[in-house]
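The values are calculated or read from the model by the stated rules, or taken from the named source; none is laboratory data. Being a predicted model, the structure only gives us computed values, none of them experimental. When we count neighbours, we look across all protein chains shown, and the Cβ atoms used for this are built from the backbone with ideal geometry, even at glycine.
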Amino acid sequence: MGAFHEGHLSLMRTAKRENECVVVSLFVNPTQFGPKEDFTRYPRNLERDAEMASQAGVDVLFAPPVSEMYPRVAASIHVPEVTERWEGAVRPGHFDGVATIVCKLFNIVRPSVAYFGYKDLQQCLVIKRMVEDLNLPVELSFQETTREGDGLAMSSRNAYLSPEDREKAPEIHTQLEASCRSIRDGKPVDEALVDARRQLESSGFSVDYLELVSLHTMEPLTHYTEGSAIIVAARLGKTRLIDNVRL
């Protein structure tokens, strides 16, 4: 959705190494924003983003206007089950907007491989399920989260953080890693998550959710198993941050 940063550029460079031609879509998608969310103030700088994409080796930047992608009220795609918790519960309709625009972009561009970052873990699972269920002819490549030196997951919304909140923000990743270590060492899942939530709240975060979930269904888990992740969404000041660590 633009406001490119090193996380996006890492995906572009990986795609360029592995393919002959790389197309990057840049589209701030209105259908995945709720009525009280930040669509109008979401960071946009097409000229800057185009230059960054070019330097990363991108061959084509596809940046259509909203009127081209949505000339009328559009049909939409709903992916069941994996959309119903966490971000899907906090942001009703969000994943319908994500699935619809990604399917439209796939049909327009017709990529052989599509690259996504694991920072938006639930989004990755939604797209994976959509591709499987609709038999879309595209291979998906999910890449590791790119982080700042202090551990904060790179995100376009980090620009909203005040200097004071930016100093606190890495605590979200610190607590994810601490919870992972505790659970691997045998601490009960619920105790590890309660400790992490308490630490975040004492640092000034307002936690929407912090859970151990299945990487297949996004359902909460009470015990550590292979194919699981700890996911978190929390507000710091006016900024909502999401992150995850796979166990």
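In a residue-by-residue description of region 189-196, the property of being among the hydrophobic types (A, V, I, L, M, F, W, C), on the phi > 0 side of the Ramachandran plot and either at pLDDT below 95 or outside any strand (DSSP E or B) (or both) applies to no position.
Taken over region 14-52, the criterion of being out of contact with any His (no Cβ under 9 Å at 6 or more places or on another chain), surrounded by 15 or more Cβ atoms within 10 Å (Cβ to Cβ) and of a type in the set (D, E, K, R) is satisfied by K16 alone. Can you confirm whether I230 is touching a helix residue (DSSP H, G or I) at 6+ places or on another chain (Cβ under 8 Å), in contact (Cβ under 8 Å) with a residue 12 or more places away in the chain, in a strand (DSSP E or B) and closer than 20 Å to S156 by Cα? Here the answer is no, as I230 does not meet what is asked. Within region 191-215, the set of residues being out of contact with any Ser or Thr (no Cβ under 7 Å at 6 or more places or on another chain) and in contact (Cβ under 8 Å) with a residue 24 or more places away in the chain comprises Q199, L200, S203, G204, F205, S206, V207, D208, Y209, L210, E211. Examine region 162-169 for a residue that is under 26 Å from T83 (Cβ atoms), surrounded by fewer than 20 Cβ atoms within 10 Å (Cβ to Cβ) and of a type in the set (D, E, K, R), and state whether such a residue exists. So far as region 162-169 goes, no, none of its residues is under 26 Å from T83 (Cβ atoms), surrounded by fewer than 20 Cβ atoms within 10 Å (Cβ to Cβ) and of a type in the set (D, E, K, R).
Within region 53-64, if we keep just the residues that are surrounded by fewer than 17 Cβ atoms within 10 Å (Cβ to Cβ) and out of contact with any strand residue (DSSP E or B) (no Cβ under 6 Å at 6 or more places or on another chain), the residue that is nearest to K16 (Cα to Cα) turns out to be G57.
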